Each structure stands twice: as structure tokens, then as C-alpha cells.
Amino acid sequence: MIPVVAVQIVLGFLPVCAFLLALLYLDSYKLVRLRTVLGLIACGLVAAGIGYAANREVLLELGLSRRLLTRFAAPAMEELLKALPVLFLLRRKRLGFLIDAGIAGFAVGTGFALAENFYYASTFIGSEPAVWLVRGFGTAIMHGGTTAVGAMLTKLLADRRQSVSWWLAGPGLLLAFAIHSLFNHFLVSPLLSTIAIVLILPPVLVFIFSRGERDLQSWVGSGFDLDSELLQAIRSGDFVDSRTGRYLQSLREHFDGPVLADMLCYLRLQSELSLRAKGILMMRENGFPVKKDPETTAKLTELRFLRRSIGKTGELAIAPIAHRSTHDVWQLQMLEE
């Protein structure tokens, strides 16, 4: 006879961990490092502890019924707590694409689910396998899936707006809350709710991942061509006649010669670092190891110096010809890691 603890481990803990590993496998560019994933899982564990304490306070101090707590208050509080680590990474421009946003969200949700299921395993010893089937494939996948979907929606809005404002997290949080709350309403049996979660959330995440992978490939290819063309123009004698050269010439009336020279150096360095970042992604995709390059570190230091030299006004002036999208900012962050 299989021990109860073995059933709890297999059904309660393995499904969500296995799906997280599957997402990491699907990330062919290896956008999220293992230490980051482990840190996000730890954040999920902490969020679960805070959520448990907060839910007890709401239930005991405010006299809220367990039904209202389960259906509305707890989902809202828990989704907010799970979203905070992901929003922190988004604000710091550490997440560049839908893929790494989804992995980050699911990792936090995994930590939350593991902590929750550990509590149930230690409290409700001897529970039926059906209970752990629901908790492992239903509740745990739901926790990871809602945070992942919310993170990807927030990232999508941030890319479209070219902004990392806090209010952009609103739609993602509302969607995560709606899925979580609907799951907790138990409109059908827990087993049917679990089946619905398994049939809907994982395929949706995999579909978005495949779409994000294609978008990332397109960005790498087109960006590589643009950066190569700009560097070729700068290094050739035709730069003055190029679109970028003509634009810099038009800034002569507003900036001194040394500042314009710094702007040109800034554009050159940015293109060189952008090519380096895209080259690293291509190497990762093909399974080649990537070592830290001292020359890249030196160029990043020089780029920061030039940014201070041209100032905020200079950055705004060259914005039309400088790549400053959220993806471009992220790739510089990646090179600094």
C-alpha cells in the first residue's frame, strides 16, 4: 500500500513544479536564470505566509464570513501579494518579454502553492487522494497560472505604452482575481473545477509562450539588422548622408560640438552592446555557453558616463534615433548581470 505522505507529495507538490520546469524548458533563450527562479519561489513562500496571517486577521477581527473571505477577500489579497515581486522586476526593467514575465509569475505562484500545500499536508494528515488531486492539479496550477497570466498582461500593456507605471498592473490583477475568485466559488464540483483549470490554463500559457517566442525571434532578427546598419554607417564615410547623420546635424543649433560627439559615441556604443546582447541570446538558443566579457563591462561603464555627459535633454533629443524601448533597456540590464 502506498503511504499517504507519498500520495501527498506526488499529487500535491509535483504537478506545479513539473509545469514550472516545462516553462523553463520552453524558454529556448534562457531569459530567466535559475537563481532568479529560486528567488521568486522564495517570494511566493513569503507571500503565502503573509496571506495566511492577513486572512486570519480579516476573518477574526472584521468578522467576515468564511464564504466571503474565500470567494472575494482572500483571492484579492493573495493575487496582490503574488504580483508584487513580478511588478518589482518589471519596474526595474528586469523582464524583457512575455516569456520571462510568465515564468516569473508562475514561479511566484509555485512558491505560494507549495507553502499552502505544505500547510495542508501538516494539518490534514490522512486526507483522501482526491483532495490532493484537487490541490495539486487544481489549486496549485491555479495559483501559478493566475499570477503568470496577470504578469504577461501587465508586460504586454507596459510594452505597448512604453511605460512601467503602476496603474498598468490593474487589468492583470483584475484578471488574476477573477480567475481565482471563480475557482473558489465552486460553481461545480472541486474535481470538475480542477479539470477546467488543467484544460484551460496550461494550454493558454503554452500558446502565449509560443507566440512570445516568435515575437522574440523577430525582434532579435530585425534589431540585429538595424544595429548592424547603424554601425556600418557610422564607420563609413556615408554617415553624414544617412538619416541618423542628418538628424544629428540638425541638432547643431541646440548643442555644442563636444556634446554632439558624445551623442554619436553614445549611439555607437548602444548599437555595439545591442548586438552583443542579441548575440548572447542567439548563443543561448543554440545551446552554447556564454562567458562574461570584460570588454562589455567597460563599454557599459562608458555608456553610463556618456549618458550623464549628454544629460536628460540630450537623451530626449536623440530619442527618435536611439533604441529606447522596454526591450532595448532590458538587454542592457541583461548584459550587466
For residue 134, are the conditions met, namely being assigned to a helix (DSSP H, G or I), among the β-branched types (Val, Ile, Thr), within 15 Å of residue 204 (Cα to Cα) and open to solvent by 10 Å² or more (accessible area, probe 1.4 Å)?
no
In segment 22-61, which residues are of a type outside the set (D, E, K, R), crowded, with 18+ Cβ neighbours inside 10 Å and outside any helix (DSSP H, G or I)?
29, 31, 32
Test: residue in segment 182-194 that is assigned to a helix (DSSP H, G or I), open to solvent by 30 Å² or more (accessible area, probe 1.4 Å) and more than 19 Å from residue 78 (Cβ to Cβ):
yes
Kindly evaluate residue 337 against the criterion of being of a type outside the set (Lys, Arg), touching a residue at least 40 places away in the same chain (Cβ under 8 Å) and within 26 Å of residue 90 (Cβ to Cβ).
yes
When residues of segment 297-333 are limited to those that are among the hydrophobic types (A, V, I, L, M, F, W, C) and closer than 12 Å to residue 262 by Cα, the one surrounded by the fewest Cβ atoms within 10 Å (Cβ to Cβ)
305
In segment 62-107, which residue that is part of a helix (DSSP H, G or I) and of a type in the set (Phe, Trp, Tyr) is most open to solvent (accessible area, probe 1.4 Å)?
88
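Among 194, 154, 146, which is the only one that is in contact with a His (Cβ under 7 Å, 6 or more places away or on another chain), touching a residue at least 12 places away in the same chain (Cβ under 8 Å) and among the β-branched types (Val, Ile, Thr)?
Result: 146 is the single residue among 194, 154, 146 that is in contact with a His (Cβ under 7 Å, 6 or more places away or on another chain), touching a residue at least 12 places away in the same chain (Cβ under 8 Å) and among the β-branched types (Val, Ile, Thr).
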Looking at segment 158-174 only, could you name the residues that are crowded, with 17+ Cβ neighbours inside 10 Å and in a helix (DSSP H, G or I)?
158, 159, 168, 169, 172, 173
Kindly establish whether residue 33 is basic (Lys, Arg) and within 23 Å of the chain's Cα centre (by Cα).
yes
For segment 1-58, give me the residue count where each residue is of a type in the set (Asp, Glu) and touching a residue at least 24 places away in the same chain (Cβ under 8 Å).
1
Scan segment 290-302 and report the pairs whose first residue is part of a helix (DSSP H, G or I) and whose second residue is among the charged types (D, E, K, R), with Cβ atoms within less than 7 Å and a gap of 6+ or a chain change.
296/276; 299/272; 300/336
Does any residue in segment 210-235 that is within 16 Å of residue 285 (Cα to Cα) come within less than 7 Å, Cβ to Cβ, of a residue that is in a helix (DSSP H, G or I) and open to solvent by 30 Å² or more (accessible area, probe 1.4 Å) six or more places away or on a different chain, and which pairs are these?
212/98; 219/327; 220/282; 224/275
Look through segment 108-123, keep the residues that are open to solvent by less than 10 Å² (accessible area, probe 1.4 Å) and either hydroxyl-bearing (Ser, Thr, Tyr) or modelled with pLDDT of 95 or more (or both), and return whichever of them is farthest from the chain's Cα centre (by Cα).
113
Run down 240, 204, 149, 164 and say which single residue is of a type in the set (A, V, I, L, M), closer than 24 Å to residue 97 by Cα and modelled with pLDDT under 90.
164
Can you say whether residue 230 is of a type outside the set (S, T, N, Q) and modelled with pLDDT under 85, as far as the supplied structure shows?
yes
What residue, among those in segment 267-289 that are open to solvent by 60 Å² or more (accessible area, probe 1.4 Å) and without any contact (Cβ under 8 Å) to a residue 40 or more places away in the chain, is nearest to residue 316 (Cα to Cα)?
268
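The values are calculated or read from the model by the stated rules, or taken from the named source; none is laboratory data. Nothing here was measured: the structure is a model prediction, and the numbers come from that model. Note that each Cβ is placed from the backbone with ideal geometry, even for glycine, and that neighbours are counted across all protein chains shown. We work out accessible area using only protein heavy atoms, side chains counted, and drop any ligands, DNA or RNA first. Shrake-Rupley method; radii C 1.70, N 1.55, O 1.52, S 1.80 Å.
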